[in-house]
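Asker: Take this structure, written in structure tokens, and hold onto it; I'll ask about it next.
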């Protein structure tokens, strides 16, 4: 049989029809995949939220409708605006009393006697409880150097002038290079006497003493005789003095809103609440949730003292002032202030 001769250059293989069909099927699947991807993308785009509006501060994970950006308040209204005046507390006046309810005074006095012995100096303690109807004083009327506790009087005096329209909170306080609203927090949070002495220079020592014994209602044991940290004047016998009872009474009246207008009271307490790294009373208060301590410590070569307002989670508050003077060992006196705080806390809470 004569076989059919093959065409030169042509090889046996897969039919062109089959190859074309395979390519068509592959292209169809690719087109189908592209269509599915486009459809899925459109669905996700419809679900995706629009751009998140920028907030002035990071918002917690709660209802975003609660965080609506508001126009900034003018600087002159941020602290002293009249619309921020809170109502004054409606509680009966109650200075330090001798009520014995809830306080074992004999045991408390004995414990503080021991702390005084270890302090190497003379200790005074004054406390007004969170019910504002009972208190405790341990040699609270004993005069001692005031140190930076006197800044509490200067703070009240400056803000009283703001309330009366005599001083502009946005005007520079002479000698400081700062506006009053910035100078007062600097005075209360630091140890530099520049702001305190600027207030003394502006008001005058005689006028300040008149205010201390006038509307502040402190005893004659609280006296301003020189500028703060004027050690040469101190060496000549001029000393600023106070008692823990007086400082407790001042903080009590200030916190109740009896000395200043509502906005100035709020500002005063905010400056007092600034962190105080050298604070002694805060170290004697247990670290409890919701308990905050605002304090103004004081130190001199022979003085370790602290004056504080303690705020509780239920909006109550108490006042504590502790002073150790005439000591030879600052560390021992500093520990005594903290130890006395812990004793008062345990006896009254």
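Each value in this text was obtained by applying a stated rule to the coordinates, not by laboratory testing. What you see is a predicted model; the values in this text were computed from it and never measured. When we count neighbours, we look across all protein chains shown, and the Cβ atoms used for this are built from the backbone with ideal geometry, even at glycine.
Asker: Show me 299-305, 213-219, 257-263 ranked by packing, highest mean number of other Cβ atoms within 10 Å first.
Answerer: So the order, starting with the most tightly packed, is 299-305, 257-263, 213-219.
Asker: Would you mind ranking 280, 133, 160 by Cβ crowding within 10 Å, fewest neighbours first?
Answerer: On the way: 280 26, 133 13, 160 19.
Exposure proxy ranking, most exposed first: 133, 160, 280.
Asker: Roughly speaking, what % of Cα-Cα pairs in segment 218-347 are separated by over 27 Å, rounded to a whole number? Show your work: numbers first, answer last.
Answerer: Values: 1781 of 8385 pairs.
For segment 218-347, the fraction of Cα-Cα distances above 27 Å is 21 percent.
Asker: Another question, if that's okay. Could you tell me the ratio Rg/Rh of segment 169-249? Both radii from Cα atoms, Rh via Kirkwood. Spell out each step's value before the answer.
Answerer: On the way: Rg = 13.5 Å, Rh = 13.7 Å.
With Rh from the inverse mean 1/r over Cα pairs, Rg/Rh is 0.98.
Asker: Hey, another quick one. Quick check on packing: order 245-256, 187-198 by the mean number of other C-beta atoms within 10 Å, highest mean leading.
Answerer: Averaged packing, sorted descending, gives the order 245-256, 187-198.
Asker: Once the mean 1/r over all distinct Cα pairs of segment 215-288 is inverted, what Kirkwood radius in angstroms do you read off? Can you show the working numbers first?
Answerer: Values: mean 1/r = 0.0676 Å⁻¹.
Result for segment 215-288, one decimal place: 14.8 Å.
Asker: If you don't mind, there's one more thing I want to ask. How are the alpha carbon pair distances in segment 96-348 distributed across 5 Å bins from zero to the largest one, expressed in percent?
Answerer: 1, 6, 14, 19, 21, 17, 12, 7, 3, 1, 0
Asker: Roughly how many Å is it from the Cα centre of segment 216-235 to that of segment 123-183, as a whole number?
Answerer: So the two Cα centres are separated by 13 Å.
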